[in-house]
Amino acid sequence: YDFMIALNHFKGHPMGGYGGALKNLSIGCGSQNGKAYIHSAGKMEKLDIAKLWTPEYIGDQEGFLESMAAAAQAVTDYFTAKKGVICISVMNNMSIDCDCVDHPAPVKLEDYGILASTDPVAIDQACIDLVYACSDPGKPHLLERIESRNGVHTIEAAAALGYGSREYTLVEVE
């Protein structure tokens, strides 16, 4: 294909703090070995399930978040050289847990709608900002997950790599 439509469900994530466009582009598009490389912050190049979740390979949270940003850049760069990426983030049924969790925590936030952008950095920043700005009683649960994992660092790292911007303009479409 010469373009990509990256559809993701914005929500919390046990390791990344939140799951959005950048996580979807990096982990979602990664091979098994790529996922191991990202989760281990580059320490494991070939998947070894017995070792992956051990302290030797897991524990560098900043490295993990930066690896996600770098992997998302690889996907974005590939498609930008062609026709590009369209990111769609669905902000519905948000929990502190990712859809990949066997028994996710119950949904705590109301539905905020759907965001779309050609910039994965901007769309993740917009989703985070919408959560911070809301008055939803479930907001503290998701923010605690994001902040305790320093999830915004993925956005910071991606912006520093230069393939997106943390600045955006929201345009409401009805």
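The values are calculated or read from the model by the stated rules, or taken from the named source; none is laboratory data. Here the structure is a predicted model, which means the values were calculated and not measured. Note: ideal-geometry Cβ built from the backbone for every residue, glycine included; neighbour counts use all protein chains shown. For the accessible areas, the whole protein counts, side chains as well, though only heavy atoms, and no ligand, DNA or RNA atoms are used. Shrake-Rupley method; radii C 1.70, N 1.55, O 1.52, S 1.80 Å.
By the scheme Lys and Arg +1, Asp and Glu -1, what is the net charge of all other residues having a beta-carbon under 10 Å from that of M4?
Result for the local shell: +1.
For the chain, what does -39500 (n - 2.57) per DSSP helix run (n ≥ 4), summed and divided by total residues, give at 222 nm, in deg cm²/dmol to the nearest 500?
That calculation yields -12500 deg cm²/dmol at 222 nm.
On average over all directions, what projected area in square nanometres does the stretch 87-149 have, based on the convex hull of its Cα atoms?
Average projection, Cα convex hull of the stretch 87-149: 4.4 nm².
Write out the trypsin sites (Lys or Arg not before Pro) in the stretch 1-77 meeting two conditions: DSSP loop, and at most 11 other Cβ atoms within 10 Å of their Cβ.
Sites meeting the loop and neighbour criteria: K46.
How much of the accessible area of the stretch 1-101, probe 1.4 Å, is carbon plus sulfur, in whole percent?
57
With charges only on Cβ, +1 for K and R and -1 for D and E, what is the dipole size of the chain about its Cα centre, in debye, rounded to 20?
So the magnitude is around 400 debye.
How large is the accessible surface per residue of the stretch 1-160, computed with a 1.4 Å probe and reported in Å² as a whole number?
Result: 47 Å² per residue.
At R0 = 35 Å, how high is the FRET efficiency between E110 and T80 if r is their beta carbon distance? Nearest 0.05 is fine.
With R0 = 35 Å, the Cβ-Cβ based efficiency is 0.55.
Which whole DSSP H helices in the chain pass both tests: a Cα extent of 18 Å or more along the axis and a mean Kyte-Doolittle value no lower than 0.5?
Counting only whole DSSP H runs, the qualifying helices are 120-133.
Among I27, I49, I38, determine the one that fluctuates most according to a GNM of the chain built with springs between C-alpha atoms less than 10 Å apart.
Ranking I27, I49, I38 by mean-square fluctuation puts I49 first.
Among all the lysines, which ones have a C-alpha under 24 Å from K82's C-alpha, if same-chain residues fewer than 8 places away are not counted?
K23
Let me spell out the model: positive unit charges on the Cβ of Lys and Arg, negative unit charges on the Cβ of Asp and Glu, origin at the Cα centre of the stretch 112-174. What dipole size does that give, in debye rounded to 20?
Here the stretch 112-174 has a charge dipole of around 220 debye.
Please give every one of the aspartates and glutamates within straight-line cross-link reach of K51, meaning a C-alpha to C-alpha distance under 18 Å, and leave out same-chain neighbours fewer than 8 residues apart.
D60
Among all the lysines, which ones have a C-alpha under 17 Å from K108's C-alpha, if same-chain residues fewer than 8 places away are not counted?
By straight Cα distance, K108 reaches K11, K139.
Comparing D119, D60, D97, which has the greatest mean-square fluctuation in the GNM of the chain with Cα pairs linked when under 10 Å apart?
Highest fluctuation of the listed residues: D60.
Distance between Cα centroids, the stretch 129-144 to the stretch 23-40: provide it in whole Å.
So the separation of the two Cα centres works out to 27 Å.
Looking at the chain, identify the longest residue range that excludes and avoids all chymotrypsin sites (Phe, Trp or Tyr not before Pro) in DSSP loops having at most 13 other Cβ atoms within 10 Å.
The answer is 54-174.
How much of the calculated P(r) for the chain lies past 28 Å, in percent of all Cα pairs?
Every Cα pair in the chain considered, those over 28 Å come to 19 percent.
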